[in-house]
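The values are calculated or read from the model by the stated rules, or taken from the named source; none is laboratory data. None of the values given here were measured: they were computed from a predicted structure. Neighbour counts run over all protein chains shown; Cβ positions are idealised from the backbone, glycine included. To get the accessible areas, we keep the full protein, side chains included, count just its heavy atoms, and leave off ligands, DNA and RNA. Shrake-Rupley method; radii C 1.70, N 1.55, O 1.52, S 1.80 Å.
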Amino acid sequence: MAEIILSYQEYPTKQDLPPHLQTLLDQAQEACNKAYAPYSHFYVGAAVALANGEIMQGCNQENSALPAGLCAERTAFYATGVQHPGVLIQSVAITACRDKTNPEPVAVTPCGGCRQVMMEFEERQKSPIQLLMHSFSGSYLLIPSVTSLLPFNFSQQHMTH
Ligand code: THU
């Protein structure tokens with residue numbers, strides 16, 4: 001039987017994270033406060049750290065025509081593609097809350113569509129993108145490469161080989 005192994009690091013609290021990831025998480029939290037989510041009331045923030053030192057924020061943008069909305073991760077990645085084309089993406093932090101007046105972080109992991117999009121950014125830049133997210137137990141999970149969250153993914157290679 002073959003198996004796929006996913007390696008990741010778990011940090012019990014925010015204070016256990018390396019300082020640059022704490023900063024990134026703060027940026028994701030700030031982005032979360034700008035989320036437009038009047039339908040789900042699930043507010044998500046993402047912050048993308050670039051090799052040039054910039055941090056790009058994203059938050060979910062919902063719409064009355066529900067499928068027209070977009071997740072925080074894609075908002076951040078696509079904005080990065082426009083504002084900083086070709087600049088290496090090092091990491092992304094995501095966070096969520098259910099009440100902006102009490103921004104207690106809740107568990108969130110990227111949806112399948114966002115994993116697919118982040119994976120292609122990673123593929124294009126040929127360098128791993130770390131992903132930091134918040135688990136159900138309250139700890140922080142650091143995944144060394146977004147592609148590892150999509151085993152047996154469909155990629156550009158399938159179209160050309
Ligand atoms: N959402 C995100 O923005 N990112 C995720 O990783 C999970 C889900 C948004 C989409 C929608 O606006 C709301 O959360 C509820 O699904």
Among the residues of the range 1-30, which ones are under 29 Å from Pro151 (Cβ atoms) and in contact with a Lys or Arg (Cβ under 7 Å, 6 or more places away or on another chain)? Leu25
Quick one: what pairs do we get from the range 149-161, first residue within 13 Å of Met119 (Cα to Cα), second open to solvent by 100 Å² or more (accessible area, probe 1.4 Å) and modelled with pLDDT of 90 or more, C-beta under 7 Å, 6+ apart or different chains? Pro151/Ile4
Among the residues that make up the range 44-52, is at least one of them touching a Lys or Arg at 6+ places or on another chain (Cβ under 9 Å) and near the ligand (Cβ under 8 Å from one of its atoms)? yes
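Val82: assigned to a helix (DSSP H, G or I), away from the ligand (no atom under 16 Å from the Cβ), open to solvent by 30 Å² or more (accessible area, probe 1.4 Å) and not small (Gly, Ala, Ser), yes or no? If you could, list the steps in order and put the result at the bottom.
On the way: assigned to a helix (DSSP H, G or I): yes; away from the ligand (no atom under 16 Å from the Cβ): yes; open to solvent by 30 Å² or more (accessible area, probe 1.4 Å): yes; not small (Gly, Ala, Ser): yes.
Taking the combined requirement at face value, the residue satisfies it.
Considering only residues that are within 13 Å of the ligand (Cβ to nearest atom) and over 16 Å from Ser155 (Cα atoms), which ones fall in the range 106-132? Steps first, answer last, please.
To start, the set of residues in the range 106-132 that are within 13 Å of the ligand (Cβ to nearest atom) comprises 106-118, 131-132.
Val106, Ala107, Val108, Thr109, Pro110, Cys111, Leu131, Leu132 - these are the residues of the range 106-132 that are within 13 Å of the ligand (Cβ to nearest atom) and over 16 Å from Ser155 (Cα atoms).
Within the range 60-71, take every residue that is within 7 Å of the ligand (Cβ to nearest atom) and touching a helix residue (DSSP H, G or I) at 6+ places or on another chain (Cβ under 7 Å) and give me the one that is most open to solvent (accessible area, probe 1.4 Å).
Filtering first and then ranking leaves Cys71.
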Is it the case that some residue within the range 56-73 is of a type in the set (D, E, K, R), outside any helix (DSSP H, G or I) and in contact with a Phe, Trp or Tyr (Cβ under 9 Å, 6 or more places away or on another chain)? yes
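Across the range 124-153, which residue is most open to solvent (accessible area, probe 1.4 Å) among those that are in a loop (DSSP other than H, G, I, E, B) and closer than 18 Å to Pro12 by Cα? Please lay out each step first, then the result.
Initially, the range 124-153 is screened for residues in a loop (DSSP other than H, G, I, E, B), giving 126-129, 135-139, 144-145, 150-153.
Checking the rest, the ones that are also closer than 18 Å to Pro12 by Cα come to 135-139, 144.
Numbers: Ser135: 20, Phe136: 203, Ser137: 97, Gly138: 29, Ser139: 7, Pro144: 64 Å².
Per the criteria, the residue is Phe136.
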Exclusive hit being in contact with a helix residue (DSSP H, G or I) (Cβ under 8 Å, 6 or more places away or on another chain) and more than 25 Å from Gln61 (Cβ to Cβ), set Pro128, Pro110: Pro128
Working only within the range 41-59, note down all residues that are under 13 Å from Gln90 (Cβ atoms), open to solvent by less than 50 Å² (accessible area, probe 1.4 Å) and not β-branched (Val, Ile, Thr). Ala47, Ala49, Leu50, Met56
Would you please name the residue that is nearest to the chain's Cα centre (by Cα), looking only at residues in the range 26-40 that are within 15 Å of the ligand (Cβ to nearest atom) and surrounded by 17 or more Cβ atoms within 10 Å (Cβ to Cβ)? Ala28
